[in-house]
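To start, the structure under review is shown below, and the notes come after it.
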Amino acid sequence: MRIPVIAGNWKLFKTIGESVAMVQELKSLVANNQGVEIVVAPVFTALSRVNDVLQGSNVMLAAQDCYWEEEGAFTGEVAPALLKDAGCSHVIIGHSERRQYFGETDVTVNKKTRAAIAAGLCAIVCVGESLAERESEQTFSVIETQIQGGLAGITADAAPHIVIAYEPVWAIGTGKTATDAQAQEVHTFIRQLIAKTFNQPVADAMRILYGGSVKPDNVKGLMAQPDIDGALVGGASLKADSFAAIASFNA
């Protein structure tokens, strides 16, 4: 039984005060939610304060990125151990915006994933194709390259500390959503890749999330698919009521 994960990526939004107010409202709205892991990912500056507010709640904390070195002369970077020290249990790695705007590659995704796991964090590893790649029927080859590169050299023992997030780039922030069938098709393919990369028991246990304009009105259809184990939510995670509604898909 794979426990679903509903994770909210707040991207570059919310001050510390706004973040605290948001989670204060959210934690009361989802206090009775069962059978689902709920995660929020504020900006770095708000992590510690948000962690204080979340104590004793059923909402967990994630960072939006990390670096692969533990310490050193790496101005502006944040190590996984520092994220854990701030209260994080999860970290998002390789989001399409990191790949598109900040030069993230499968090699750096792999380094960050290894470092996150070594620090005791759960790595939410993002993969996904662009609209041009989908229209030229490269979806599966792109996903395969990203999975193989991002998870290279990681052992089956470490696999329980990984969650995969499939985000078709053409659906992020566009209002477009892959149909339930389109999402399920790629999720099935990813699970087959995980079985090849590790083994079938690991593939059966790994959570694979869908990300790309997930909203309260489409989450139930997506979550009804056998290989979709949750959602990485962008815009709809910025308001407590809409994110709580998504996290209550099984209510």
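The values are calculated or read from the model by the stated rules, or taken from the named source; none is laboratory data. Just so you know, these numbers come straight off a predicted model, no measurement behind them. So basically every Cβ, Gly included, is an ideal-geometry build from the backbone, and we count neighbours across all protein chains shown.
A few notes on this one:
- Annotation note: of A244, A251, the sole residue that is surrounded by fewer than 16 Cβ atoms within 10 Å (Cβ to Cβ), touching a residue at least 60 places away in the same chain (Cβ under 8 Å) and not in a strand (DSSP E or B) is A251.
- Test result for A251, among the hydrophobic types (A, V, I, L, M, F, W, C) and farther than 28 Å from T145 by Cα: yes
- Subset of the stretch 156-176 that is surrounded by fewer than 16 Cβ atoms within 10 Å (Cβ to Cβ) and either touching a Gly at 6+ places or on another chain (Cβ under 7 Å) or in contact (Cβ under 8 Å) with a residue 12 or more places away in the chain (or both) - its residue that is farthest from G211 (Cα to Cα): A156
- Evaluation of V50 against (1) closer than 19 Å to E167 by Cβ; (2) touching a Ser or Thr at 6+ places or on another chain (Cβ under 7 Å) (one fails), failing number: (1)
- Of all residues in the stretch 134-155, those that are closer than 12 Å to F189 by Cα and either among the charged types (D, E, K, R) or surrounded by 14 or more Cβ atoms within 10 Å (Cβ to Cβ) (or both) total 6.
- Conditions (1) outside any helix (DSSP H, G or I); (2) of a type in the set (D, E, K, R); (3) more than 22 Å from F249 (Cβ to Cβ); number of the one not met by R2: (3)
- Qualifying residue in the stretch 64-77 (condition: crowded, with 18+ Cβ neighbours inside 10 Å and either of a type in the set (A, V, I, L, M) or assigned to a helix (DSSP H, G or I) (or both)): no
- Residues (under 16 Å from G120 (Cβ atoms) and out of contact with any Pro (no Cβ under 9 Å at 6 or more places or on another chain)) located in the stretch 48-68: N51, M60
- Selection within the stretch 11-56 - over 19 Å from the mean Cα position of the chain (by Cα), without any contact (Cβ under 8 Å) to a residue 40 or more places away in the chain and part of a loop (DSSP other than H, G, I, E, B): T15, A31, N32, Q34, Q55, G56
- When the test is whether a residue is touching a strand residue (DSSP E or B) at 6+ places or on another chain (Cβ under 8 Å) and either outside any helix (DSSP H, G or I) or touching a residue at least 60 places away in the same chain (Cβ under 8 Å) (or both), I194 does not pass it.
- Residues of the stretch 218-236 that turn out to be at positive phi and either free of Cβ contacts under 8 Å to residues at least 60 places away in the same chain or out of contact with any Phe, Trp or Tyr (no Cβ under 9 Å at 6 or more places or on another chain) (or both), as a count: 0
- All conditions but one from (1) under 25 Å from L82 (Cα atoms); (2) assigned to a helix (DSSP H, G or I); (3) in contact (Cβ under 8 Å) with a residue 24 or more places away in the chain apply to F189; the one that does not is (1).
- Cβ-Cβ under 8 Å pairs, at least 6 apart or on other chains, the stretch 90-106 side basic (K, R), far side modelled with pLDDT under 95: none
- Any hit, the stretch 102-112, residues being at pLDDT 95 or above, farther than 24 Å from Y166 by Cα and in a helix (DSSP H, G or I): no
- Which listed residue is assigned to a loop (DSSP other than H, G, I, E, B) and either more than 28 Å from A159 (Cβ to Cβ) or not aromatic (F, W, Y) (or both), from G221, G212: G212
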